[in-house]
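The values are calculated or read from the model by the stated rules, or taken from the named source; none is laboratory data. Not measured: the values here are computed from a predicted model. Positions of Cβ are backbone-derived with ideal geometry, glycine not excepted, and every protein chain shown enters the neighbour counts. Ligands, DNA and RNA are stripped out before the accessible areas are found, and what is left, the full protein with its side chains, is counted by its heavy atoms. Shrake-Rupley method; radii C 1.70, N 1.55, O 1.52, S 1.80 Å.
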Amino acid sequence: MAERRARFRAAYGAGARHLLLLAGCFAVTGWVVLRVAGEPGSVTLLLWFVGAAVAHDLVLFPVYASADRGLRRVLRNRSAMPTSGPSLLNHLRVPALAAGLLFLVYLPGILRQGRATYAAATGQDQQPFLARWLLLSAALFLASGILYALRRAARSRAAPGRG
């Protein structure tokens, strides 16, 4: 049995669970495509999806990959950075990713698009969207900084000879 699994892994490149999961993903995707294909806005949805993929691959990915490379370079050049323990880089990446995703989700509100529709539906103004996003982003970075400090303190208490 183990030999058969090894041959399958060598031929396919991954385990059988990977193949089953991928087949399930394709089945769900096919079901969604069939459901959406009959809708009147399916062509617009397809164009939006392709446009979003192209915009991500050609614009957003190079931007955040360059920012990450620059951040790694800055952190590597600092002599005070510890070589072991919790990664400061990841404690900056996670809140930046969360803030970026929140920015994309709430961008229409931040730019005040659909002002009349939003006011009619909620009775409120879109003016506080930017301030709330900035406040939430600051809170994410603050929480990550506190968690980093706690993890560093716990590591230094656990190993007093290290630091």
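Structural remarks
- Helices (runs of 4 or more DSSP H) within the range 3-81 that include 1 or more residues modelled with pLDDT of 90 or more and over 30 Å from His91 (Cα atoms): 16-37, 42-55
- Within the range 122-163, being modelled with pLDDT under 90, open to solvent by 80 Å² or more (accessible area, probe 1.4 Å) and part of a helix (DSSP H, G or I) holds for Arg155, Arg157, Ala158.
- Test: residue in the range 94-116 that is part of a loop (DSSP other than H, G, I, E, B) and exposed (fewer than 12 other Cβ atoms within 10 Å of the Cβ): yes
- Residue in the range 122-135 that is within 21 Å of Leu97 (Cα to Cα) and in contact (Cβ under 8 Å) with a residue 40 or more places away in the chain present: no
- Inspection of the range 137-150 finds no residue satisfying the criterion of being in contact with a Lys or Arg (Cβ under 7 Å, 6 or more places away or on another chain) and not aliphatic (A, V, I, L, M).
- Single match in Ala67, Ala6, Ala11, Ala37 (criterion: within 26 Å of the chain's Cα centre (by Cα) and not aromatic (Phe, Trp, Tyr)): Ala67
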